[in-house]
Each structure stands twice: as C-alpha cells, then as structure tokens.
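Working notes for the structure below.
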Amino acid sequence: MSAADLARLQFAATTGIHWLFVILTMGLVPLVAIMHTRAAFTRDPAKRAVRERMTRFWGQLYVINYAVGIVTGLVMEFQFGLSWSGLSKFAGNVFGAPLALETLIAFFAESTFLGMWIFGWGRLRRGVHVTLIWLVALTAYASGYWIMVANGFMQHPVGYEVRDGAAYLTDFGALLTNSSALVALFHIALAALTTGGVFIAGISAWHFLKGTEETELFRGSLRLGLWVSTIASFFVVIVGEMQRPVIERTQPMKHAVLENSGVAELQARLVAEHGPGDYVPWQDTVRISMDVMTIIGNTVSTITFIALVLLWKDRLMRWRWASWVLVATIPFPFVASAGGWVVREVGRQPWLVYGELTVEDALSQVGTAAFAVSCAVFIAIFLALAVTNWTLITRFARRGPEATQLGATEPLPDGEKQPLPAF
Amino acid sequence: MSLETLWLALLGLLLAGYFVLGGYDYGVQMLHPYLGDDRETRPDRNAALDAIAPFFLGNEVWLVAFTGVLFGAFPHLEGTLLSGLYPLIVAILVGLVLGNAAVQLRGRSRTAGGRRWWDALIVVGGALPALCWGLIVGLLLHGVPRRPDGSFHIGFDAVSSPFVLACGVSTALLFAAHGAGFVALRSTPELAEKARHVALSLLTGVAAVGSLALLLTLFGAGASMTNRATSAVVAALFVAALAGAWWSFSRGHRIRAFAATCCATALPVLLVGAGHYPYVLTSSAGTGLTIDDAVTDDATLKILSVFGVLVVPVILAYQSWSWWAFRGRTGRRHPSYF
C-alpha cells in the first residue's frame with residue numbers, strides 16, 4: 001500500500017469508528033435530558049424515585065459511550081495536521097475557523113458540563129443539575145453544527161476565493177449557511193435521535209422479555225424511545241431525500257454514481273476541466289451503501305410506527321415476538337449511519353475539497369513506514385475500544401437499574417465524619 | 001499589541017492551561033497505584049483518581065481547544081508542526097486514548113484482574129504523553145531540522161539527543177510532582193501527607209535532570225534561544241517556582257506548593273513562545289517560521305476575534321465555576337463514578 005492509501009485507511013477507520021459513538025451520544029443525550037427534567041419536576045416521591053433511577057440508568061449507558069467517543073474524537077482533531085498538511089496549506093484560512101470555533105464554543109463546554117453532571121448528583125441543586133445536562137445536549141448539537149460547517153466546506157466549498165494557490169475567506173455567512181452543511185446536519189440529527197430512540201426502546205423491550213420488576217421505569221422508557229424514534233425516523237427519510245437536489249447541484253459525479261447514469265460523460269468533462277485523473281468514486285460501494293441506508297431507514301420507520309401503535313393496552317410487552325423485533329432492531333440504525341457516512345465521504349473522492357484539492361495532493365510528507373505503524377496501532381486500539389464499549393454497554397444494559405453506578409453514593413459508616421474542605 | 005500576537009498569547013494560554021490541568025491528571029495517573037490504592041477497605045476505589053475525577057473531562061479539552069485554535073489561527077504552523085512531529089504526536093494520542101478511556105472505564109470492571117489491566121493503561125496513559133510533551137518542548141527549544149520548503153521530519157537521532165531527553169524526563173517528573181501536589185490538596189490527611197513526601201522526592205529529581213538540560217544549554221548543546229534575555233528571565237522564574245514548590249512542600253503549605261507547581265508546569269510554554277518570538281518554529285540553524293508566516297488571513301482572524309472576545313471569558317467563567325463547585329477534599333460522601 002502507498003502512503004496515501006495508508007493515510008486514507010487510517011482516516012477512514014478512525015472517523016468511521018468515531019462516528020458510531022457520536023451517533024449514539026447525540027441520540028441519547030436529549031432523551032436523558034428529557035428524563036432528568038421530568039424527574040426533577042415530579043412531586044410524587046415514589047414516581048420521582050423511578051424517574052431518577054431511569055435517568056441514572058440511561059445516563060450511565062450514555063456516559064460509557066461518551067467516554068469512548070471523546071477519546072476517539074481527540075484523535076480526529078489531530079488527524080488533519082498529521083496526515084493532510086496540504087489541507088491546512090490550501091484551505092487553512094477557511095477550514096480552520098469552524099474547527100477552532102467548534103472546540104471553543106461547543107466542545108469545551110460539553111465536556112466540562114458533562115463532568116459536572118456526572119459528579120453533581122446530590123451535590124448540586126436540582127435545577128442547576130438539570131440545566132447542566134441540557135447544556136451538554138445543546139453543545140453536543142452545536143459541536144455537530146460546526147463540524148458539519150467544516151465538512152460542508154470540503155463537500156461544497158463556498159464563501160472563499162483562491163489567490164496564489166491558497167483559499168481565502170470572503171463570505172463567512174455563506175460558509176455558515178452552506179446547504180451542504182445544514183441539510184446534512186438536520187439529517188444526522190434525526191438519524192441520531194432515531195438511533196437513540198431505537199436503542200432505548202430495544203433495551204426496554206428486552207427487560208420486559210426477561211420479566212423485569214421495574215415495569216414503570218421501562219414502560220416510560222419504551223414510550224419515550226418509541227415516540228422519538230417514530231417521529232425522527234419518519235423525517236430522517238424525508239430530509240435524506242432533500243439532500244438529493246443539493247448533491248445534484250454541488251457534486252454531479254456523486255449524483256451520477258447514485259443514479260447510475262452519465263458517469264462516463266462526467267468523467268470526460270472533469271478530465272477536461274481539471275486535467276487527467278480518475279474522478280469516479282468507488283461506484284458499487286457508494287450505491288450499495290445508499291441502498292442499505294434507504295432500506296434500513298424505511299424499515300426502522302415502519303417497525304417503530306407499528307410498535308408505537310402496539311403500545312396501546314401494553315400489547316407490545318405481551319406479544320413476545322414484537323418485543324424481540326424491537327431488540328433485534330437496535331444495531332440497524334448504526335449500520336445505516338455507516339452507510340450514510342460512506343455515501344457522503346467515499347462519494348466525494350478523489351476530492352478533499354471538492355473541485356479544488358485532491359486527497360492525493362493534500363498528503364503530508366510522512367514516510368510510508370510511519371503511516372503503516374500508526375495506521376495499525378490506531379485501528380487496533382479503536383477496534384479494541386469499540387468492542388470494550390459495546391461489551392460494557394451490553395453488560396450494564398442487561399444488569400438493569402439496580403447495578404447503576406452513576407450518581408450512587410456509598411453509605412457512610414457510622415460515626416465517620418466528612419473531612420473538612422481544604423479551602 | 002497586534003491581533004496575531006494576541007492570538008499567539010491565547011494559543012499559549014490554552015497550551016499552558018493544558019500543561020497545568022492535564023499535567024496534574026497525568027501525574028496522578030502515573031502515581032495512582034502507589035498513592036491511592038487501598039486494598040483493605042476499598043479495593044474497588046482509588047483515592048488518587050477520586051481526587052481528579054470531577055475535573056478530568058474538563059481538563060483534557062484544553063488540549064483539543066489548543067489544537068483547534070492552532071488550526072484556526074495558525075494553519076500554516078499546524079500542518080508543518082503536527083506532520084513534522086508525527087511519531088511523537090501519534091505516541092501522545094495513543095497514550096491519551098488509552099489513558100482517558102481507562103480512567104473513565106476502570107470503575108466499570110467487576111474483577112480485580114480487570115482493574116489491574118485498566119490501572120496499567122492509566123499509568124501508561126499518564127507517562128507517555130507527559131514524556132512526549134517534554135520531548136516536544138525540548139525539540140522546540142533546540143530548533144527542528146527544517147528543509148528548504150519549510151517542512152521537517154523528526155527522526156530517532158533528533159529525539160535521542162541528551163538535551164531533548166533531559167527535557168522529556170524532567171517534564172514527566174514535574175507532572176508527577178504536580179499530580180502529587182494535587183492529591184495532597186484534595187485527599188484525606190493521611191494520603192495528603194504521603195503525597196507531600198512523594199512530591200518532595202520528585203521535585204529533587206526534576207531539579208537534577210533540569211540542571212543537566214541547563215548545563216547542556218550553557219555548553220551549546222541544548223536550547224538555542226532567539227531572545228536570550230527573555231529566556232533567561234523565564235528560566236529563572238521556572239527555577240524559582242521549583243524552589244518555591246520545594247520549600248512549600250517541606251513546610252507543609254500545600255496550597256502554596258500547588259500554586260508553585262502550577263507555575264512551573266506553565267512556564268515551559270512561555271519559554272518556548274516568548275523565547276523564540278517572533279518565530280513560532282525555529283530551525284536548528286537559527287531562523288524559522290515567523291508568526292506572520294504562520295498566521296491565518298486577516299479577514300479570518302478578525303472573525304475569530306469577534307467570537308474569541310465573547311467566548312474565552314465564558315470558558316474561563318464556567319471552568320472556574322466547575323473548580324469551585326467541586327472544591328474541598330474528597331471523601332465518601334462524594335459521588336465517585338470513575
């Protein structure tokens with residue numbers, strides 16, 4: 001493999017795995033925030049206890065996933081400079097700004113507030129504590145926005161001009177309102193909510209299958225998960241289709257590959273415009289990914305809608321096969337998300353910044369051996385983390401609310417006093 | 001002061017913030033099997049890790065913000081620097097990924113065997129980034145082998161020079177001492193006493209290895225600074241901070257001692273920045289990439305500044321709030337999650 005292939009493999013593997021954590025994090029955090037808010041505003045002590053347990057149970061699964069998501073995200077921030085220094089040479093004036101703003105405006109706050117939320121149980125006032133998780137949710141989506149602005153520039157560069165081989169920002173507003181960023185953000189937000197909703201509904205259904213005693217907790221979770229995933233999965237398909245005209249306008253080659261018509265003519269036209277080269281992405285990969293995403297999107301939308309109807313008179317919990325279908329649905333939104341990522345990112349090859357800079361030209365001057373070692377190390381670590389993440393999530397999901405560690409204070413032995421504060 | 005100098009100062013503030021906050025995390029990570037282990041009464045907990053827990057997530061973001069600002073405000077430095085330091089950056093990232101995941105997931109394991117694995121990763125995840133950041137500081141102080149096109153690539157010989165190695169080892173020891181100082185500040189009195197003694201021995205180590213780096217510089221085999229006088233002042237401040245920390249630890253002034261180690265961990269960043277200004281990256285030959293070459297276009301910088309003026313004070317405010325909210329010593333009443 002060449003250095004370019006290794007760098008691409010490294011980027012694709014790390015981003016692809018990171019993306020699977022992101023989609024669940026973004027899907028779970030608003031639902032956890034809703035649960036926490038409901039718990040905080042419930043007066044009846046018994047009900048409140050149930051809702052608080054519910055928040056802590058799902059919150060812990062979210063926090064486990066976030067832990068792995070954040071460490072894989074740390075690597076992403078460095079990848080551009082490590083492997084693609086040509087990107088900062090050409091587009092640094094434009095592309096760097098949204099990344100800088102993402103870290104300063106969104107990520108900084110998200111991580112700090114989540115740390116406070118995790119350790120704030122019984123220590124912070126209830127209103128403050130609930131506000132924190134909403135701030136985490138808000139900043140998670142703000143983070144997504146800035147990342148999509150950066151990615152949107154790579155998909156469809158706007159608001160810039162090229163002088164002496166480098167891009168200069170001319171219209172910040174155009175960069176922020178890039179249709180390639182906004183429609184896609186809307187699409188992934190809905191995909192995330194679908195993923196989170198299906199995740200919660202599926203695990204709740206599993207607990208009913210195992211004859212849980214926490215019926216109130218899991219009924220509430222099931223209802224919330226199904227409502228959110230039904231609505232989100234209905235719109236995710238529609239918003240996904242709304243991207244088609246954007247792609248047709250901005251990335252004619254991706255459109256031609258998806259439609260499977262006119263690829264050869266476009267290749268000839270692009271050669272005339274940009275010089276000799278292969279401007280066709282991996283056609284089969286892109287088309288299959290698109291089909292997988294579409295089929296899963298429609299199927300999940302149907303399943304969640306039927307399940308929502310079956311909630312009436314608890315039929316869903318009594319009909320075991322229906323519950324099993326919900327459990328089996330959990331992985332599919334992840335597969336669809338991976339498919340969507342392939343369509344977007346593989347579909348724009350060979351461009352790094354569409355029409356301006358190819359992936360090949362942006363490669364850092366790093367030796368093949370160094371790329372080979374780092375690629376192997378990162379892939380091994382990321383796969384190990386993914387396996388660990390899913391093993392832990394499965395374990396804590398199966399053990400149920402009783403085993404939740406988040407927010408659980410240990411009993412204080414008799415006669416032992418809390419040490420005095422240091423300052 | 002010009003706009004780009006302000007952004008360089010902000011970049012320095014973020015990196016210094018990361019050295020101070022991430023530094024004590026790494027120190028505690030390195031020392032936790034020795035400092036916080038309590039096999040008899042609470043085998044599943046670690047008191048040293050409990051001390052850093054509420055701040056852990058908020059500390060690491062300083063590094064991410066540093067990288068983001070590096071890319072946003074100094075894109076021409078970012079591409080050169082990160083790809084040039086490729087092996088070291090990869091090593092830091094590997095350490096960060098393993099260490100961060102281990103700190104957050106250690107509490108999820110059920111068995112003592114599982115915890116031992118996480119513990120080992122926590123130590124590696126503290127020691128590896130600490131050492132590599134020290135090596136990078138050493139390389140930047142000494143100057144990197146830039147090619148005519150401005151790019152450079154770090155090989156084994158550059159990293160294994162005595163000066164760079166001395167910087168690496170002394171930084172790792174300094175972070176460890178700083179971490180011990182943090183445990184001394186936040187843990188129960190018995191543990192705090194133990195941590196104080198550890199910090200004293202570690203500071204002696206920093207002084208010994210640091211003196212070696214200083215001697216090498218005086219004999220021309222170490223740092224080659226652009227601004228000699230400024231560098232001498234910053235280096236003197238660094239020595240004073242170390243001495244202050246040692247004195248405070250030996251007298252039992254834990255807050256003063258921690259303040260001093262905070263200064264000592266932040267000052268190397270100032271040394272690199274102010275010592276080489278207006279260069280942001282120097283060659284071994286003495287010239288280099290200036291701030292004007294590295295900075296982003298004026299239009300972009302102005303937009304970033306509008307956001308920066310609003311956002312940076314907010315960041316400092318909520319970070320301070322989080323420190324305030326979780327002040328005080330750790331104890332059993334504290335929710336322990338990590």
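The values are calculated or read from the model by the stated rules, or taken from the named source; none is laboratory data. In this text, all values refer to a predicted model and were calculated from it rather than measured experimentally. Cβ atoms come from the backbone with ideal geometry, glycine included; neighbour counts cover every protein chain shown.
Yes/no per residue for (1) among the hydroxyl-bearing types (Ser, Thr, Tyr); (2) within 14 Å of chain A (Cβ to nearest Cβ); (3) over 30 Å from residue A:83 (Cβ atoms):
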{"residue": "B:146", "(1), (2), (3)": "no, yes, no"}
{"residue": "B:149", "(1), (2), (3)": "no, yes, no"}
{"residue": "B:189", "(1), (2), (3)": "no, yes, yes"}
{"residue": "B:192", "(1), (2), (3)": "no, yes, yes"}
{"residue": "B:195", "(1), (2), (3)": "no, yes, yes"}
{"residue": "B:209", "(1), (2), (3)": "no, no, yes"}
{"residue": "B:220", "(1), (2), (3)": "no, no, yes"}
{"residue": "B:227", "(1), (2), (3)": "no, no, yes"}
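Residue-by-condition table, conditions (1) of a type in the set (Val, Ile, Thr); (2) under 29 Å from residue A:352 (Cα atoms); (3) at pLDDT 95 or above; (4) in contact with a His (Cβ under 8 Å, 6 or more places away or on another chain):
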| position | (1), (2), (3), (4) |
| --- | --- |
| A:96 | no, yes, no, no |
| A:100 | no, yes, no, no |
| A:103 | yes, yes, no, no |
| A:115 | no, no, no, no |
| A:128 | yes, no, no, no |
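Within segment B:319-330, being part of a helix (DSSP H, G or I) and either surrounded by 18 or more Cβ atoms within 10 Å (Cβ to Cβ) or basic (Lys, Arg) (or both) holds for B:319, B:322.
What is the residue count in segment B:91-133 for residues that are in contact (Cβ under 8 Å) with a residue 40 or more places away in the chain and of a type outside the set (D, E, K, R)? Within segment B:91-133, residues that are in contact (Cβ under 8 Å) with a residue 40 or more places away in the chain and of a type outside the set (D, E, K, R) number 18.
Quick check on my filter: what residues within segment A:96-139 are more than 7 Å from chain B (Cβ to nearest Cβ), buried (at least 24 other Cβ atoms within 10 Å of the Cβ), touching a residue at least 40 places away in the same chain (Cβ under 8 Å) and under 17 Å from the mean Cα position of the chain (by Cα)? Passing the criteria: only A:136.
Looking across segment B:241-286 at every residue that is in contact with a His (Cβ under 8 Å, 6 or more places away or on another chain) and under 24 Å from residue B:81 (Cα atoms), the one that is surrounded by the fewest Cβ atoms within 10 Å (Cβ to Cβ) is identified as B:284. Among residues of segment A:362-406 being surrounded by fewer than 20 Cβ atoms within 10 Å (Cβ to Cβ), at pLDDT 90 or above and within 15 Å of residue A:3 (Cα to Cα), the one that is nearest to the other protein chains (Cβ to nearest Cβ) is A:373. For segment B:51-107, the candidate set comprises residues that are more than 7 Å from chain A (Cβ to nearest Cβ) and β-branched (Val, Ile, Thr); within that set, the residue that is surrounded by the fewest Cβ atoms within 10 Å (Cβ to Cβ) is B:92.
One line per residue, one yes/no per condition, for (1) at pLDDT 90 or above; (2) over 13 Å from the mean Cα position of the chain (by Cα); (3) aromatic (Phe, Trp, Tyr):
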| position | (1), (2), (3) |
| --- | --- |
| A:3 | no, yes, no |
| A:11 | yes, yes, yes |
| A:16 | yes, no, no |
| A:22 | yes, no, no |
| A:32 | yes, yes, no |
| A:38 | yes, yes, no |
| A:47 | yes, yes, no |
| A:50 | yes, yes, no |
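Only one of these conditions is not met by residue A:149: (1) closer than 21 Å to residue A:41 by Cβ; (2) surrounded by 21 or more Cβ atoms within 10 Å (Cβ to Cβ); (3) aliphatic (A, V, I, L, M). Which number is it? Status for residue A:149: all satisfied but (1). Here residue B:306 meets the list (1) within 23 Å of the chain's Cα centre (by Cα); (2) within 14 Å of chain A (Cβ to nearest Cβ); (3) hydrophobic (A, V, I, L, M, F, W, C) almost entirely, failing just condition (1).
Among the residues of segment A:221-228, are any among the polar types (S, T, N, Q) and not in a helix (DSSP H, G or I)? For segment A:221-228, residues among the polar types (S, T, N, Q) and not in a helix (DSSP H, G or I): absent.
Does residue B:76 qualify as being part of a helix (DSSP H, G or I) and farther than 30 Å from residue B:116 by Cα?
Numbers: part of a helix (DSSP H, G or I): yes; farther than 30 Å from residue B:116 by Cα: yes.
Here the answer is yes, as residue B:76 does meet what is asked.
Looking at segment B:21-29, is at least one residue surrounded by 20 or more Cβ atoms within 10 Å (Cβ to Cβ), touching a Ser or Thr at 6+ places or on another chain (Cβ under 7 Å) and closer than 30 Å to residue B:291 by Cβ? Among the residues of segment B:21-29, at least one is surrounded by 20 or more Cβ atoms within 10 Å (Cβ to Cβ), touching a Ser or Thr at 6+ places or on another chain (Cβ under 7 Å) and closer than 30 Å to residue B:291 by Cβ, which makes the answer yes.
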